[in-house]
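> One structure is given below, represented as C-alpha cells, and several questions about it will come after.
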Amino acid sequence: MPDLSLERDCGGIVAGVDEVGRGPWAGPVVAAAVILPPDLPRELADGLDDSKKLEAARREFLCAALKNCASIDIGIGAASVLEIEQHNILSATYIAMRRALDALRQTPQTALIDGNRLPPDLPFDGRTVIKGDSISLSIAAASIVAKVTRDRIMTDLSTRYPAYCWERNSGYGTRQHQDGLITAGVTCHHRRTYAPIARMLGARC
C-alpha cells in the first residue's frame with residue numbers, strides 16, 4: 001500500500017503527479033498534481049491506492065473526499081486532442097502535467113512523477129517513481145483525481161457521440177468503440193495520428 005515515506009524523504013512541499021489517457025484513441029490526456037498534508041485523515045491514508053486497483057464508485061468517493069479536504073491542494077491539467085496530434089502523446093502528457101502543477105495553490109519544492117521520465121524544464125526538483133501510484137500516497141491521490149476527471153469528460157462526450165460507448169470504454173479501442181467507428185466514422189475527438197484512426201482515414205480517402 002502507498003504511504004508518505006517518499007514525501008517525508010524529500011522534505012518541504014511535495015506534489016505527487018500522475019496522468020491518465022495516453023493509450024485511448026479519443027479524448028484528451030489528463031494529469032493531476034496533489035499536495036497532501038502530513039496529518040492526512042486516516043480514512044484517506046488507508047483508502048488511497050493506484051486508481052486502476054479501485055472500483056469506479058470507490059474512485060468517485062475518494063476523489064470527492066480529496067477535493068472536500070481544505071488542507072489538500074489539487075491541480076488538474078489537460079492536453080487536447082489537437083495538442084496530442086501536434087506534439088505527440090509524450091509531449092502532450094508533459095503539457096498536461098505542467099498545467100496541473102501550475103494549477104496548484106502552492107508551489108511545490110519537489111514533484112514526484114509517476115513513471116520513468118520527468119517533464120522537461122521543471123522549475124523545481126523532480127523525481128520519477130516507477131509504479132509510483134502504488135508507493136506514494138500523493139501520486140495515488142493524483143491518479144484517482146486524473147482518472148475520475150477524464151472519465152467524466154468522456155462520459156459527457158458520449159452523450160453527444162453515443163455510437164462509441166465512451167462512457168464505458170473511456171476512448172480505448174474496445175470492440176464497441178471499433179464498431180462505432182465503422183458505423184459513425186471519425187470525430188474531431190479522435191486522435192488522428194494514432195495508427196488505428198489513421199488507417200481508417202486512409203482507407204476512406
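> Go through (1) farther than 26 Å from PRO123 by Cβ; (2) surrounded by 19 or more Cβ atoms within 10 Å (Cβ to Cβ); (3) modelled with pLDDT of 95 or more for ALA15 and report which single condition fails.
It is condition (1) that ALA15 fails.
> Please go through the range 129-157 and pick out each residue that is farther than 18 Å from ASP18 by Cα and surrounded by fewer than 19 Cβ atoms within 10 Å (Cβ to Cβ).
Result: THR155, ASP156.
> A further question on this structure: Go over the candidates GLU60, GLU85 one by one and state the one that is within 15 Å of the chain's Cα centre (by Cα), under 30 Å from GLN176 (Cα atoms) and in contact (Cβ under 8 Å) with a residue 60 or more places away in the chain.
Testing whether each residue is within 15 Å of the chain's Cα centre (by Cα), under 30 Å from GLN176 (Cα atoms) and in contact (Cβ under 8 Å) with a residue 60 or more places away in the chain leaves just GLU60.
> Give me a count of the residues in the range 35-56 that are assigned to a helix (DSSP H, G or I) and either under 13 Å from VAL148 (Cβ atoms) or in contact with a Pro (Cβ under 8 Å, 6 or more places away or on another chain) (or both).
Residues flagged as assigned to a helix (DSSP H, G or I) and either under 13 Å from VAL148 (Cβ atoms) or in contact with a Pro (Cβ under 8 Å, 6 or more places away or on another chain) (or both) within the range 35-56 amount to 3.
> In the range 95-112, is there at least one residue being assigned to a loop (DSSP other than H, G, I, E, B), in contact (Cβ under 8 Å) with a residue 24 or more places away in the chain, over 30 Å from LEU181 (Cα atoms) and under 15 Å from the mean Cα position of the chain (by Cα)?
Yes: the range 95-112 contains one or more residues that are assigned to a loop (DSSP other than H, G, I, E, B), in contact (Cβ under 8 Å) with a residue 24 or more places away in the chain, over 30 Å from LEU181 (Cα atoms) and under 15 Å from the mean Cα position of the chain (by Cα).
> Here is a further query. If a residue must be more than 23 Å from ILE135 (Cβ to Cβ), small (Gly, Ala, Ser) and assigned to a helix (DSSP H, G or I), how many such residues does the range 57-72 contain?
2
> Do any helices (runs of 4 or more DSSP H) lying entirely in the range 137-205 carry at least 2 residues that are over 23 Å from TYR94 (Cα atoms) and of a type in the set (A, V, I, L, M), and which ones are they?
175-184, 195-203
> Would you confirm whether or not the range 80-92 contains a residue that is closer than 19 Å to ASP50 by Cα, out of contact with any Cys (no Cβ under 6 Å at 6 or more places or on another chain), of a type in the set (S, T, N, Q) and in a helix (DSSP H, G or I)?
no
> Pick from LEU82, LEU36: which is at pLDDT 95 or above, hydrophobic (A, V, I, L, M, F, W, C) and touching a Gly at 6+ places or on another chain (Cβ under 9 Å)?
LEU36 is the lone residue from the list that is at pLDDT 95 or above, hydrophobic (A, V, I, L, M, F, W, C) and touching a Gly at 6+ places or on another chain (Cβ under 9 Å).
> Among the residues in the range 120-127, are any out of contact with any strand residue (DSSP E or B) (no Cβ under 8 Å at 6 or more places or on another chain) and either part of a helix (DSSP H, G or I) or touching a residue at least 24 places away in the same chain (Cβ under 8 Å) (or both)?
So far as the range 120-127 goes, yes, one or more of its residues are out of contact with any strand residue (DSSP E or B) (no Cβ under 8 Å at 6 or more places or on another chain) and either part of a helix (DSSP H, G or I) or touching a residue at least 24 places away in the same chain (Cβ under 8 Å) (or both).
> Turning to a different aspect of this structure: Given the conditions (1) of a type in the set (Lys, Arg); (2) within 30 Å of ALA195 (Cα to Cα); (3) out of contact with any helix residue (DSSP H, G or I) (no Cβ under 8 Å at 6 or more places or on another chain), report the number of the one that ARG22 does not fulfil.
For ARG22, the exception is condition (3).
The values are calculated or read from the model by the stated rules, or taken from the named source; none is laboratory data. All values reported here derive from a predicted model rather than from experimental measurement. Please note: Cβ atoms are built from the backbone with ideal geometry, for glycine as well, and neighbour counts cover all protein chains shown.
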